[in-house]
Amino acid sequence: MTDMAPTSSSAKSWDSDETRANLKRRHRSEKRFRVLGLTAIFIALTLLAILIISIAGKGATAFIQTTISLDVTFAEQKIDPKGTRDQEVLRGASYGSLVREALRAEFPEVKSRKDLRVLFNLVSNGSPNKLRKMVMENPELIGQTVRVQFAASDDIDMFTKGYIPRDVPEDDRRVKDKEIAWYDQLAEKGMVETRFNSDFFTSGDSREPEIAGIWGAIVGSFYTLFITFMISFPVGVMSAIYLEEFAPKNKFTDIVEVNINNLAAVPSIVFGLLGLALFLNVAHLPRSAPVVGGLTLALMTLPTIIIAARASIRAIPDSIRDAALGLGASRQQMVFHHVLPLSMPGIMTGTIIGLSQALGETAPLLMIGMVAFIVDIPGGVTDPATVLPVQIFLWADSPERAFVEKTSGAIIVLLGFLVFMNAVAVMLRKKFERRW
Amino acid sequence: MQMLAEVDTPVENEEKAIISARDVSVFYGDKQALNKVSLEIPVNKITSLIGPSGCGKSTFLRCLNRMNDTVEGCRVEGKILLDGADIYDAKVDEVLLRARVGMVFQKPNPFPKSIYDNVAYGPRIHGLAHNKDELDDIVLTSLEKAGLLKEVRDRLNSTGTGLSGGQQQRLCIARALAVQPDIILMDEPCSALDPIATAKVEELIEELRENYTIIIVTHSMQQAARISQKTAFFHLGEIVEVGDTEQLFTSPKDERTQGYITGRFG
Ligand SMILES: Nc1ncnc2c1ncn2[C@@H]1O[C@H](COP(=O)(O)OP(=O)(O)OP(=O)(O)O)[C@@H](O)[C@H]1O
Ligand SMILES: [Mg+2]
């Protein structure tokens, strides 16, 4: 190898057995590497497919809802005996009895109190609320008999969807034979239907799985991310600009740099503790509110944004800076007219990735009390709220069988948002990709 | 002081120096890149700086518009007088200085914006135009002076980076002209160009001499000989020889100059 022999012998050596063996070995190793790479990708894709299939399989039914239609008589005597149509009176009326009357009318033969209680449980506990809303919105209904579509109770819903099979012994079944008989009767009359579960997307959380929805969590997530963005984006970008373009390179900035990188590696729950200590115990901001969640997640997102922004600012070639400075632009003009606009796609990509991390974050929010059970849709950043991943956590923790599909359904929605955000990031990158 | 007086007195136009560097030393950290360089730059002439790689030509050039200020750890000693005033004086605003002393770089570096915006950028930040018409006027005359207008007239709004290398370099020259500088520094402006584009740029530089003072760094002896009136030969951070281009190329006094221009080292 080391001998610098005359050209004739070195030319001959290209055809020697040794070279050929060497070549063969190299090809083999190349092939081996390629196979290993393909295997790794295959394993990763398989795991991803298993995850998606299992979640989609479990969660698909969350988007379908079993309903039972009943003829409800909006008796004036029950709702508004004095005929005042006063909102308070309408609100206070006992709509539960209307639902019970409707069911009783459907099954006049059921008499015993125990059976009646079971019968009333065919429809959701949220049904009286639905009637209240209908009447409050349209008092004309009073005195009429109208067919109303109620959500079936969670057990009936599970039964319809086949999660509770008919053929297991009655004792092991949450839906008893009697209920099945009633159910079949209703079904025969065409009063049982399955339809797209729009409630899932429009209502807040509930103790009753059949009427629990994720809208509250989506709105909470939106407010939280909004706060996160409003804090971490300007602060992160400004820090990055200062560190890259203005700060002198010395010990101090070195320390800052190292600490920002360390901060990015801090477990998120620690940020939760920081948020608890800072925003709740010192600043006394409202508990469970998106403003606190957003601030806490902003702390967590900040290093990600700073690092991404610095990288994309650094990627702008110095020739652009020279060009601007050479024309007599000040440093600030150079940054804001050229460097920042050019690095914006990269910064946005980093920001979106940081925000999608924040969107999926649960642990720090548990620390600041965003884990409370909240029914109302939050109307602002200071209202108590929950967020999508915490909602998933809460539902996954619930004992009812029906919450299993809700959990998976919410995961699908969350993943949908994440995929969407990442797609936007990729699109931004593609669209503004630049060759110098 | 004596030199200053000389600058101020209206001597023969030939001798009038617009920039005079006095004992300029430049350090990058501990490393000295220039050692007591003194040079007079005559007004409305082309001065070329030649010398082997790493001898400090770019460093000297970048001192003249204080672009070295942007380099971390760079220190400049000595005096550089522009019209008799020291440009390294604390009172001097380097932003205004750079408007007066424009620069064209080795590699064409148009902004990734439209051709129009490239040229309009300088006038915009310095407020040279008061309305759209004035700005249009500046842009068009600058492109015209840079000999580019004919080629780009119908695509002023397409991006500057889409031009050919030679066109890009002329765009950069137009961009520098738009700020209406007195002096233009050029650091190997043709090193990335083919001979035809080089010829065009050289022609342009010669035309610009009427209204501007030009200092050009070049590695091409022929280029220096063709276009410049004064030449300074740098070697290891010092000026070895400086004089009329013709005299320096035909009868160099120093044997290092002799060696360099005849290609024996460099
Ligand atoms: N930013 C810098 N930091 C440290 N040293 C530098 C820097 N820029 C230049 N130098 C050094 O200063 C010396 C002069 O460099 P300069 O760029 O002025 O050379 P030059 O004559 O322009 O060479 P060339 O013809 O190759 O462009 C060189 O030794 C170089 O290594
Ligand atoms: Mg150079």
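The values are calculated or read from the model by the stated rules, or taken from the named source; none is laboratory data. Keep in mind that this is a model prediction, so the values were computed, not measured. Cβ placement follows ideal geometry from the backbone for every residue including glycine, while neighbour counts extend to all protein chains displayed. In case anyone asks, the SASA skips ligands and DNA or RNA and just uses the protein heavy atoms, side chains included. Shrake-Rupley method; radii C 1.70, N 1.55, O 1.52, S 1.80 Å.
Can you name every one of the helices (runs of 4 or more DSSP H) wholly within region A:194-274 that holds 3 or more residues which are surrounded by fewer than 18 Cβ atoms within 10 Å (Cβ to Cβ)?
Per the criteria, A:215-241, A:251-264.
This table checks each residue for (1) closer than 24 Å to B:A192 by Cα; (2) surrounded by fewer than 19 Cβ atoms within 10 Å (Cβ to Cβ); (3) away from ligand 1 (no atom under 16 Å from the Cβ); (4) at pLDDT 90 or above.
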| site | (1), (2), (3), (4) |
| --- | --- |
| B:V92 | no, yes, yes, no |
| B:F105 | yes, no, no, yes |
| B:P110 | yes, no, yes, yes |
| B:N118 | yes, no, yes, yes |
| B:D133 | no, yes, yes, yes |
| B:S142 | yes, no, yes, yes |
| B:R155 | yes, yes, yes, yes |
| B:S158 | yes, yes, yes, yes |
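Write out, first by first residue and then by second, each pair whose Cβ atoms fall under 9 Å of each other, whose residues are 6+ apart or on separate chains, and whose first residue, in region A:113-127, is farther than 15 Å from A:G96 by Cβ while the second is basic (K, R) and part of a loop (DSSP other than H, G, I, E, B).
Once the first residue is farther than 15 Å from A:G96 by Cβ and sits in region A:113-127, its partners that are basic (K, R) and part of a loop (DSSP other than H, G, I, E, B) give A:V118/A:K176.
Pick from A:F403, A:F432: which is more than 20 Å from A:T202 (Cα to Cα) and touching a residue at least 60 places away in the same chain (Cβ under 8 Å)?
Working: A:F403 fails: more than 20 Å from A:T202 (Cα to Cα).
Just a single option satisfies the conditions, and that option is A:F432.
Out of the residues in region B:94-132 meeting the condition of being part of a loop (DSSP other than H, G, I, E, B) and within 19 Å of the chain's Cα centre (by Cα), tell me which one is nearest to the other protein chains (Cβ to nearest Cβ). Reasoning before the result, please.
Step one: list which residues in region B:94-132 are part of a loop (DSSP other than H, G, I, E, B), which gives B:105-113, B:127-131.
Adding the requirement that they be within 19 Å of the chain's Cα centre (by Cα) leaves B:105-110.
Numbers: B:F105: 6, B:Q106: 9, B:K107: 6, B:P108: 9, B:N109: 4, B:P110: 8 Å.
Filtering first and then ranking leaves B:N109.
Are any residues in region A:152-181 crowded, with 21+ Cβ neighbours inside 10 Å and closer than 14 Å to A:F120 by Cβ, and if so, which ones?
Scanning region A:152-181 gives A:A152, A:S153, A:D155, A:I156.
What is the residue count in region B:150-165 for residues that are touching a residue at least 40 places away in the same chain (Cβ under 8 Å) and either more than 12 Å from every other protein chain (Cβ to nearest Cβ) or touching a Ser or Thr at 6+ places or on another chain (Cβ under 9 Å) (or both)? Working first, answer last.
Keep residues of region B:150-165 that are touching a residue at least 40 places away in the same chain (Cβ under 8 Å), which gives B:155-161, B:163, B:165.
Retained after the next criterion (residues that are either more than 12 Å from every other protein chain (Cβ to nearest Cβ) or touching a Ser or Thr at 6+ places or on another chain (Cβ under 9 Å) (or both)): B:155-160, B:163, B:165.
Summing the residues that are touching a residue at least 40 places away in the same chain (Cβ under 8 Å) and either more than 12 Å from every other protein chain (Cβ to nearest Cβ) or touching a Ser or Thr at 6+ places or on another chain (Cβ under 9 Å) (or both) in region B:150-165 gives 8.
Does region B:213-250 hold any residues that are over 11 Å from B:T47 (Cα atoms), away from ligand 1 (no atom under 14 Å from the Cβ) and assigned to a strand (DSSP E or B), and which are they?
Scanning region B:213-250 gives a single hit, B:E241.
Within region B:50-70, count every residue that is within 11 Å of another protein chain (Cβ to nearest Cβ), more than 13 Å from ligand 2 (Cβ to nearest atom) and in contact with a strand residue (DSSP E or B) (Cβ under 9 Å, 6 or more places away or on another chain).
Matching residues across region B:50-70 total 3.
β-branched (V, I, T) and open to solvent by 50 Å² or more (accessible area, probe 1.4 Å): does that describe A:V419?
The answer is yes for A:V419.
Looking at region B:234-257, which of its residues are open to solvent by less than 20 Å² (accessible area, probe 1.4 Å) and in contact with an Asp or Glu (Cβ under 6 Å, 6 or more places away or on another chain)?
Selection gives B:E241, B:T257.
Restrict the check to region A:413-423 and report whether at least one residue is over 30 Å from A:G162 (Cβ atoms), more than 14 Å from every other protein chain (Cβ to nearest Cβ) and small (G, A, S).
Yes.
Please count how many residues of region B:182-191 are touching a helix residue (DSSP H, G or I) at 6+ places or on another chain (Cβ under 7 Å) and either open to solvent by 10 Å² or more (accessible area, probe 1.4 Å) or more than 14 Å from chain A (Cβ to nearest Cβ) (or both).
The total comes to 3.
Test A:P399 against the stated conditions and say whether it is in a loop (DSSP other than H, G, I, E, B) and closer than 28 Å to A:L274 by Cα. First the steps, then the outcome.
Details: in a loop (DSSP other than H, G, I, E, B): yes; closer than 28 Å to A:L274 by Cα: no.
Judged against the criteria, A:P399 is not a match.
Looking at region A:311-324, which of the residues that are open to solvent by 10 Å² or more (accessible area, probe 1.4 Å) and outside any loop (DSSP other than H, G, I, E, B) is farthest from the other protein chains (Cβ to nearest Cβ)?
A:A311
Can you find even one residue in region B:76-87 that is within 13 Å of chain A (Cβ to nearest Cβ) and farther than 20 Å from B:P181 by Cα?
no
Report the residue count in region B:35-53 for those that are farther than 19 Å from B:S228 by Cα and either under 18 Å from the mean Cα position of the chain (by Cα) or more than 14 Å from ligand 1 (Cβ to nearest atom) (or both).
Start the filter on region B:35-53 by keeping residues that are farther than 19 Å from B:S228 by Cα, which leaves B:35-37, B:53.
Keeping just the survivors that are either under 18 Å from the mean Cα position of the chain (by Cα) or more than 14 Å from ligand 1 (Cβ to nearest atom) (or both) gives B:36-37, B:53.
Residues in region B:35-53 being farther than 19 Å from B:S228 by Cα and either under 18 Å from the mean Cα position of the chain (by Cα) or more than 14 Å from ligand 1 (Cβ to nearest atom) (or both): 3 in total.
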